Amino acid sequence: MKVYFAPLEGITGYLYRNAYEKLYGHVDKYFAPFISPSEKCAMIPKERKDLLPENNEGIVLVPQILTNKSNNFIDAAKELEAMGYKEINLNLGCPSGTVCSKGKGAGFLPETASLDSFLEDIYAYADDAGIKISLKTRLGFYDPEKFYDLVETFNKYPVRELIIHPRIRSDFYKGEPRLEYYSYALENVKAPLVYNGNIFSKKDLENISTKLNTTPDTIMLGRGLISKPGLINELQTGDSTVDYSKFWELHDTVYHEYQKIMSPDINVLYKMKELWTYWRVMFEDSDKEIKKLLKTKKYAEYEGILRKIKVI
């Protein structure tokens, strides 16, 4: 079974990817947080820095584009191609209200005709350029039955891989994934499939596999892999023990790398506190200290609380 690392905006940038790969590894592909090209600019400097090959050595990285305009996609794809990328992912799954209100991400899914025209344009470009395009999608925006039409549309094109998060937009990340639609995809989608959604433990994967009557060939992990960095090892061996020594090395590496490129304290701590909203599940006995940590504004205060958490 292959494992992909999902993109999480503001979290899984190159600093985190590199630290994770060095300490944990076993990721077959990393997907970068989306870039959102505009008419004026295909890629802003911050996005370019995250994708520079020299910042991603030793990993297989797939850039992701978020747009509903084929010319903007192609402009960004040309820049990515020039950087050496041969595979690009289209985001059709982001449920953010800001994104969807602009008809992007999951907000593009109801527009079947426009989406079809968009895909025709970008796959024609991809064929000429010799690159591959994968899709990351939800089942639909309002109604999961929309997925049947989407499959019909996707099957028209040489989709490198179809990554399916089997929820509709209004589900966000709540409730159980609608696995009956993934089962439909297994029987009817021409492209190789990647399962994404609600895998936080080996038991979760086993339950999903039982309901699907098969174990997915490839899975994408996002929130689960941030919350529990050792999750891949658990899925492979069944051992759910947290290696705290390795976790703290991951923490310290990311923390110090952010300090090298950001200031003042509050900006670095904002990034670290965002990670702690996921990591806290590994520290149930330290909940009071973590609540204090999430309010810190200075390195000294943050590091003092860390010392207490390590003791606990």
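With a 10 Å radius around each residue's Cβ, average the other Cβ atoms per peptide and rank 295-307, 268-280, 193-205, highest first.
Final packing ranking: 193-205, 268-280, 295-307.
At a Cα cut-off below 29 Å, give the lysines reachable from Lys146, other chains included and same-chain residues fewer than 8 away excluded.
Within reach: Lys2, Lys29, Lys69, Lys102, Lys104, Lys132, Lys136, Lys156, Lys174, Lys190, Lys211.
How much area per residue is accessible in the chain when the probe is 1.4 Å and only protein heavy atoms are counted (Å²)?
For the chain, the per-residue accessible area is 47 Å².
In the stretch 24-81, what GluC sites (Glu not before Pro) fall in a loop by DSSP, with at most 13 other Cβ atoms inside 10 Å?
In loop regions of the stretch 24-81 (DSSP not H, G, I, E or B), the sparsely surrounded GluC sites (Glu not before Pro) are Glu39, Glu57.
Please state the relative contact order of the stretch 31-177 as a whole percent: Cα pairs under 8 Å, 6+ residues apart?
This gives 20 percent for the stretch 31-177.
Given charges of +1 on the Cβ of Lys and Arg and -1 on the Cβ of Asp and Glu, with all other atoms neutral, how large is the dipole of the chain about its Cα centre, in debye to the nearest 20?
Approximately 1060 debye in magnitude.
Which value results for Rg/Rh of the stretch 1-139 when Rg is the Cα radius of gyration and Rh the Kirkwood radius based on the inverse mean 1/r?
Checking Rg against Rh, the ratio lands at 0.95.
If one computes the Cα centroid of the stretch 216-237 and of the stretch 64-94, what distance in Å separates the two points?
26 Å
Against the longest principal axis of the chain, how steep is helix 70-82, in degrees 0 to 90 to the nearest 10, with axes from Cα atoms?
Roughly 60 degrees, rounded to the nearest 10.
Net charge near Arg178, counting Lys/Arg +1 and Asp/Glu -1 over other residues with Cβ under 9 Å of its Cβ?
-2
If the convex hull of the alpha-carbon atoms of the stretch 210-268 is projected onto planes in all directions, what is the mean projected area in square nanometres?
Seen from a random direction, the Cα hull of the stretch 210-268 projects 5.9 nm² on average.
Calculate one ³J(HN,Hα) per residue across the stretch 130-141 by plugging θ = phi - 60° into the Karplus curve 6.51 cos²θ - 1.76 cosθ + 1.60, and present them in order as whole Hz with x for glycine and proline.
Couplings: x, 10, 10, 10, 9, 10, 10, 9, 9, 6, x, 9 Hz.
Starting from the amide H of Ile35, placed 1.01 Å from N in the peptide plane, find each other amide H under 5 Å away whose residue is 5 or more places distant or on another chain.
Gln64, Ile65, Leu66
Considering amide H positions built from the backbone, and no H for Pro or chain starts, which residues 5 or more places from Ile133, or on another chain, come under 5 Å of its amide H?
Ile88, Arg160
What number, rounded to the nearest 500 deg cm²/dmol, is the helix-based mean residue ellipticity at 222 nm of the chain, given -39500 (n - 2.57) per DSSP H run of at least four residues and division by all its residues?
Rounded to the nearest 500, it is -14000 deg cm²/dmol.
Checking the cross-link filter: which aspartates and glutamates have an alpha carbon closer than 12 Å to that of Lys228, excluding same-chain neighbours under 8 positions apart?
Those aspartates and glutamates meeting the cut-off are Asp243.
Kirkwood Rh and Cα-based Rg: tell me the resulting Rg over Rh for the chain, rounded to two decimals.
With Rg and the Kirkwood Rh in hand, the quotient comes to 0.97.
Run the accessible area of the chain with a 1.4 Å probe and give the carbon-and-sulfur part as a rounded percent.
Taking all protein chains in place, the chain shows 48 percent carbon and sulfur surface.
Which residue, Leu179, Tyr255, Ala76, has the largest displacement toward the positive end of the dipole of the chain when charges sit on each Cβ (Lys, Arg +1; Asp, Glu -1)?
Farthest towards the positive end: Tyr255.
Treat every Asp and Glu Cβ in the stretch 140-282 as -1 and every Lys and Arg Cβ as +1, leave all other atoms uncharged, and give the resulting dipole magnitude about the Cα centre to the nearest 20 debye.
About 240 debye.
The values are calculated or read from the model by the stated rules, or taken from the named source; none is laboratory data. Computed from a predicted structure; not experimentally measured. When we count neighbours, we look across all protein chains shown, and the Cβ atoms used for this are built from the backbone with ideal geometry, even at glycine. Each accessible area value is taken on the protein alone, full model and side chains, heavy atoms only, with ligands, DNA and RNA left out. Shrake-Rupley method; radii C 1.70, N 1.55, O 1.52, S 1.80 Å.
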